[in-house]
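Below: the structure, in structure tokens.
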Amino acid sequence: MNVFCTFEQFAGSRHVFDGIEFYLPQLAHMIIHLEVDWADAILERFALVIAQQSLHFALQLNWILQGALQDYQPELEDGSANPTYDSVSYKRCLQLLRNVERCVVYGKPRAQELQKLYETGKISKAELVMLDQADRRFNALQITQDEATDNLLTLDGWLGVQFPYDSMKGTTESKFYQRFCVLEGHVLNCYRPTSGCKSTLKFDRAMSLQQAQVTEGPSNTIRVKTQIYEFRLQLTSAEETKHWARRLMEEAETSALFQNGEREKRLVQDLSPAQRDRYQFYKDERQFVNDVVQVAEDLRFKDRGERKKLAPLLMAKLSIPDRCYLPLCNSSDIWRRVSGCVPSETRVFNTKERCPVVMQFLAKRGETQLDSNLDVADYMHAYLEVSDENAEVMESVAEDGDELDEEKVEEKSETNLELDELKGSKHDSVWLDDEEAEPPTTTNKDGKGNRRVQRLVRDSVALPAMLAKRMKPHRHESRRRISVVDKQTSMQPMVPILEGTRSVEIHQSRVSQGDDSDNGSVGSMSHVSVERSSVLIKDTILLGDLDEGDIGVESINRAKAFVSGGESWAEKTGRMLESARKHSVDSEGVQLEIASCLAKSNDDLRQEVFVMQMIHYYKSVFAQAKLPLWLKTYRILSTSKDTGILELLTDATSIDGLKKSDGFPVEGGLRKYFEIVYGNPNDKAFKAAQNNFMQSLAGYALVSYLLGLKDRHNGNIMIDTRGHLIFIDFGFALGMAPGHEFSMERAPFKLTREYIDVMGGVGSECYKEFQRLFVSGFEECRRNSQIALGLVEIMMFKSNYPCFTGGRYGNGKALTKLEKRLMLRVPDKKVKKKALNLIRRSKQHFGTYLYDVFQHATNGYAL
């Protein structure tokens, strides 16, 4: 199971980070939950190497770790003990978070020297690439080794402890409890004697020292104050008090690189200008995202009748750093700097437990003579990379990959003394095992491979087998069939993950046809790629791409009256830009755009992130097989265990919202709606919209069945102006269902009479094509089952996701059911019949109808 690529695959190009970012949830999950000592913690070093090269990757990993820290932290927000506290996992998250921060700020220490050696002709391009790889790996290794050394510095002893919950209750009695305390890994662990016997100890409490303030008090006491609570320690002598206070301060100061107050001032003073830029950008970006989700959290505690009035006011007060972006993107997506917001366009969704907020931001492209289509990776490398002064040179090095001349490497002249120094023992220790001190070799013209590179490839291929051993259940766990990771020991052909922005796809297709109609010229500069959002260039607004295809403008205009209030997203963003002209810059080449997101709080989005990842994977499977199955993948970023931001779905509304819109036909349902909007069933527009509906229905039918998506009421199914269905809200997946064993949704997927009518009935050509696509898509999913099963198995290992936990869904049940739904043991010749039977069972299922009736009665969703 080749879930991850080798080091060489990403060393030469920054844009392959898109593929690595796709597998980031699994990578982070394994680092957190697997033993760190296996293979010298290769996964952690792998992540740190990428973090050195990609700030965007480092930020994404940071938010995953923030959520895991909350899962396993010693205390809850009220200062009480966390029942899910896991000292090993918490310590690992804290260490990795700190190491990522160090990689981001300090970067690659020798890259500037390597660049100078290359520019002066002392090393070749291929040598530059090879040594740059070694340098990144060495830096990552040094960081993890330093951390291991820090962990040896422990301190323990019997202390008096005044716990956080005493101070939280506001008690006036200063009562200290005798506890045996162990200080290690930025956490103070407390153990209490059992039955009054100090020789037998039981774990009692753990308190984090992350960004804590430590001060000495009277009577040999120490006060420790964190962001959410404080506790006190009492010792027996002044000397012991000073010793403990010093060690507590050291742990608090080293718990994270990013501090506040005097600690931050001291740190920033020691940084170089380039490092300071990275430090500030990384800090500002995290703070910006936190402030965005905090708006939704603040509104949640306001009266529901006041939220709509307060939301624009809170957005107007939102602090926006000089350089930040909405991280709902890939490294290869266009860089858009958030420069302001549009408070008047803020919208809220009132619910009992939360208040999701739609936010609109002003974003700039092409500033300071930058290419208007510059992507995130190129921007960060050009303006935030500590060690790459010339990103273009590095890019050309990676692409050209000149062969090495071994004779030049072996020459001992004055021109290569610095090179010899860089090839010293420190770099060799990164590439070679201690037992096998192979000399550093290079690729030669005879085709002999670099032994160090060969070792990397070998180690990367061996990774899944080592992983499988760590993921086998312990003796006390329930027995189940052999791990799917164990089953697959050979490298399988990877499914190319669909990545890149829609603008890139549009631009490439238009240019290949000699048509740049969707691109705007900016003076003598390059063309500006225009997506669905409109773009303001100087005094001209370029409307976003309508992409009506065969449907036609008239049908789209009729559809948007039902779906988006009579205004397309392109028109809405054009209107917002028109009112925001005063924020535009007159400089040549600067464009203004609208960037949007949906902020949520009090909602754990991590399971939704995982389900969307699986949908994205199947979308890629269908694309590789050239099957016209349509799935909408949108960005979901979980920023903690209960906050996150989502990509805004435009030109679409829920089926519930559609049926409640003005003018929706009382009789005839969706079929009549299609006829009203798209015309006669024989018209080109109707057939195009009907085909869109069928292809999306077939795609979502497949993923709904395979991933066990439930809670499919009309509030969780959307439709766009082109007739596509879009499924949202994946709180019930992989076997979970409302009502659990008593769930009404027992059909393989939702296929109502209304859906069949839109396709023209069971005897229509459209319905037959639906059946054909469903069967073909199911066969492709079976052929590509190993990666899908591997993704699920990794994420369910020690998982907190609801679909993987508890008596109903834990102990590997989700994986077992997925294997069963894939019908891997069914002979190929019988698969078609089995797939068609799934359609037959789903068609007009009575349980599906009952669930819609139930949701109509309880939540008011339209039938």
Residues of segment 290-327 satisfying the condition of being under 30 Å from Asp378 (Cα atoms), touching a strand residue (DSSP E or B) at 6+ places or on another chain (Cβ under 7 Å) and open to solvent by 30 Å² or more (accessible area, probe 1.4 Å): Ile320, Arg323
In segment 234-252, residue nearest to Arg205 (Cα to Cα) [restricted to those that are more than 40 Å from the chain's Cα centre (by Cα) and open to solvent by less than 20 Å² (accessible area, probe 1.4 Å)]: Leu235
Taking the stated definitions as given, is Gly860 under 30 Å from Ser640 (Cα atoms) and among the small types (Gly, Ala, Ser)? no
Which of the residues spanning segment 817-838 are out of contact with any helix residue (DSSP H, G or I) (no Cβ under 8 Å at 6 or more places or on another chain) and open to solvent by less than 60 Å² (accessible area, probe 1.4 Å)? Asn837
Just give me the residues in segment 223-233 being open to solvent by 60 Å² or more (accessible area, probe 1.4 Å) and without any contact (Cβ under 8 Å) to a residue 40 or more places away in the chain, in sequence order. Arg223, Lys225, Gln227
Looking only at residues that are of a type in the set (Val, Ile, Thr) and in a helix (DSSP H, G or I) in segment 287-329, which one is farthest from the chain's Cα centre (by Cα)? Val295
Could you grab me the full set of residues in segment 195-222 that are of a type in the set (Lys, Arg) and either over 30 Å from Leu96 (Cα atoms) or surrounded by fewer than 19 Cβ atoms within 10 Å (Cβ to Cβ) (or both)? Lys198, Lys202
Please go through segment 333-369 and give me each residue that is in contact with a helix residue (DSSP H, G or I) (Cβ under 8 Å, 6 or more places away or on another chain), assigned to a loop (DSSP other than H, G, I, E, B) and open to solvent by less than 20 Å² (accessible area, probe 1.4 Å), ordered by number. Asp333, Trp335, Val342, Thr346, Cys355, Pro356
Only one of these is touching a residue at least 12 places away in the same chain (Cβ under 8 Å), over 19 Å from Glu741 (Cβ atoms) and among the charged types (D, E, K, R): Lys813, Lys829, Lys817, Lys798. Name it. Lys798
Going residue by residue through segment 268-285, is there one that turns out to be more than 22 Å from His56 (Cβ to Cβ), at pLDDT below 90 and in contact with a Leu (Cβ under 8 Å, 6 or more places away or on another chain)? no
So the helices (runs of 4 or more DSSP H) completely within segment 629-718 holding 3 or more residues that are within 30 Å of Leu791 (Cβ to Cβ) and open to solvent by less than 20 Å² (accessible area, probe 1.4 Å) are 684-707
With the requirement that a residue be without any contact (Cβ under 8 Å) to a residue 24 or more places away in the chain, assigned to a helix (DSSP H, G or I) and open to solvent by 40 Å² or more (accessible area, probe 1.4 Å), what does segment 68-105 give you? Val88
Restricting the search to segment 258-289, which residues are open to solvent by less than 10 Å² (accessible area, probe 1.4 Å) and β-branched (Val, Ile, Thr)? Val289
For Leu141, indicate whether it is modelled with pLDDT under 85, within 27 Å of the chain's Cα centre (by Cα) and open to solvent by 50 Å² or more (accessible area, probe 1.4 Å). no
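For every residue, the table says whether it meets (1) in a loop (DSSP other than H, G, I, E, B); (2) at pLDDT below 70; (3) more than 32 Å from the chain's Cα centre (by Cα).
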{"position": "Ser533", "(1), (2), (3)": "yes, no, no"}
{"position": "Ile551", "(1), (2), (3)": "yes, no, yes"}
{"position": "Ala559", "(1), (2), (3)": "no, no, yes"}
{"position": "Thr573", "(1), (2), (3)": "no, no, no"}
{"position": "Lys582", "(1), (2), (3)": "no, yes, yes"}
{"position": "Ser587", "(1), (2), (3)": "yes, yes, yes"}
{"position": "Glu593", "(1), (2), (3)": "no, no, no"}
Give the residues of segment 839-853 that are in a helix (DSSP H, G or I) and surrounded by 15 or more Cβ atoms within 10 Å (Cβ to Cβ), sorted by residue number. Ile839, Ser842, Thr848, Tyr849, Tyr851, Asp852
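The values are calculated or read from the model by the stated rules, or taken from the named source; none is laboratory data. None of these values were measured; they are calculated from a predicted model. Backbone-built Cβ (ideal geometry, glycine too); neighbour counts: all protein chains shown. Just so you know, the surface numbers come from the protein's heavy atoms only, side chains and all, with ligands and any DNA or RNA stripped out. Shrake-Rupley method; radii C 1.70, N 1.55, O 1.52, S 1.80 Å.
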